[in-house]
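Read through the structure below, which is laid out as structure tokens, and then see the notes.
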Ligand code: FEO
């Protein structure tokens, strides 16, 4: 029973750690792994909240058996259909053929599409409740956190909110499960990366969901990935709302794409000047080396973004172009922008970046420095001017820091 961890009064955590998968959604690096959290509510009736990724099914089933033995599960609540949580549904249905699978209209569209499961459906809608005995489950529709069917389940007796992907984090749970058992610096970074990579495109829907949750008494926020929140709930609710409304911290991310080092030199010149002007959080990344996943997270973190690109085949250097397309796709707003670059015989890198900046409607803080080949006096001076302008705007916006 060592792994049978209770959140509260017969609500159990059934999380499993995945340290084998390299890429989440076959796209986002899992350098620190990921956990898939499921939960079991045991009362006169038994309810399972979500399942786990298919590869972890054996461990998952034995964890359930540790808690309820051969007892039947009455309800399977599906907060989210993405296969990292729905991968165990078929197996659960096989073992519990009378189980009621609880979801909304869209849940069952996806359940049929992904697994061809057309029986055992129990359709619920906003505000509906299911009684398990002392425990009462209530459902809140929170579409697009992160697919159209996503919903949250609130257990009224213990005040546990099962949130699906919301408040989720990359990173396995290495012993600690609850926020007060963990060094949260690691998980905040991994949570922001998860947010910016997976949820950010739907930030407007996150704001709506946060509004819906206002007034609900919450003692536990139980996500499908990462820590369970019980000691810093107000703090994390505010943090999530701030991410969803594009708020950022004082600091600058410089991302460059450089073929032979000239654009990189400009990045260093800009960074040095920012430091001289009192900016303390300055991050420089080479877009050819650093995965997009981490760049998005850093850009979500900081207010200032400076992008540098060498010209490449009459356009922007491909990894930088890829980053700009992704920023456009996730519709991030309200950043201060600078652009710079180097070229051999045309000015296609900076020109392409500035065309993109116009479409994004971000504030360009200064004229874009551009050099032919290595940075020379004039472009170095422009780099310094751009750093000065960025620092000045940041000091205006964050005077107290
Ligand atoms: Fe954790 Fe959208 O799946």
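Values quoted throughout were computed directly from the atomic coordinates according to the rules given, and no laboratory measurement underlies them. Computed from a prediction, not measured in an experiment: that's the story for all the values here. Positions of Cβ are generated from backbone atoms using ideal geometry, with glycine treated the same way; all protein chains shown enter the neighbour counts.
If Rh is defined by the Kirkwood formula over all Cα pairs and Rg also comes from Cα, what ratio Rg/Rh do you get for segment 20-79? That ratio is 1.06, to two decimals. Against the main long axis of the alpha-carbon atoms of the chain, helix 233-244 sits at an angle near 50°.
Taking the centroid of alpha carbons for each part, segment 22-91 and segment 332-401 are 47 Å apart. Each of 42, 160, 109 was scored by other Cβ atoms within 10 Å of its Cβ. Arranged with the fewest first, they read 109, 42, 160.
Averaged over residues, the count of other Cβ atoms within 10 Å places the peptides 47-59, 214-226 in the sequence 47-59, 214-226, highest first. Its relative contact order, with pairs defined as Cα atoms under 8 Å and 6+ residues apart, puts the chain at 11 percent. Taking a ≥ b ≥ c as the square roots of the eigenvalues of the Cα gyration tensor, segment 5-244 is rounded, since a/c falls below 1.5.
Give me the Kirkwood hydrodynamic radius of segment 105-160, using the inverse of the mean 1/r over all pairs of distinct Cα atoms, in Å to one decimal. Radius from the Kirkwood sum: 12.3 Å. When you restrict to C-alpha pairs under 8 Å that are six or more residues apart and normalise by the size of segment 5-244, the relative contact order lands at 18 percent. Protection proxy ranking, highest mean first, for peptides 161-173, 291-303, 87-99, 266-278: 161-173, 291-303, 266-278, 87-99, where packing is the per-residue count of other beta-carbon atoms within 10 Å, averaged. Arranged from fewest to most other beta-carbon atoms within 10 Å of their beta carbon, 187, 39 become 187, 39.
With an a/c value of 1.5 or above and a/b not larger than b/c for the gyration tensor axes a ≥ b ≥ c computed over the alpha-carbon atoms, segment 271-401 is described as oblate. To the nearest ten degrees, helix 377-397 and the longest principal axis of the Cα atoms of the chain are 40 degrees apart. Enter the Cα centre distance for the pair segment 215-229 and segment 243-268, rounded to the nearest angstrom. Segment 215-229 and segment 243-268 have Cα centres separated by 34 Å. Kindly express, to the nearest 10 degrees and within the range 0 to 90, the angle between helix 318-330's C-alpha long axis and the longest C-alpha principal axis of the chain. Helix 318-330 and the main axis of the chain meet at about 50 degrees. Rounded to the nearest 500, the helix-only mean residue ellipticity at 222 nm of the chain stands at -11000 deg cm²/dmol, with each DSSP H run of n ≥ 4 adding -39,500 (n - 2.57).
For the peptides 356-369, 73-86, the ranking by mean Cβ contacts within 10 Å, running from highest to lowest, is 73-86, 356-369. Placing a label point 7 Å from the Cα of residue 100 along the Cα-to-Cβ direction, the residues of segment 74-93 whose backbone N falls under 13 Å of that point are 74-78. Does segment 78-174 classify as rounded, prolate or oblate by the C-alpha gyration tensor (a ≥ b ≥ c root eigenvalues; a/c under 1.5 gives rounded; else a/b over b/c gives prolate, otherwise oblate)? Rounded, because the longest to shortest axis ratio a/c is under 1.5. Each of 41, 207 has some number of other Cβ atoms within 10 Å of its Cβ, and from fewest to most they run 207, 41.
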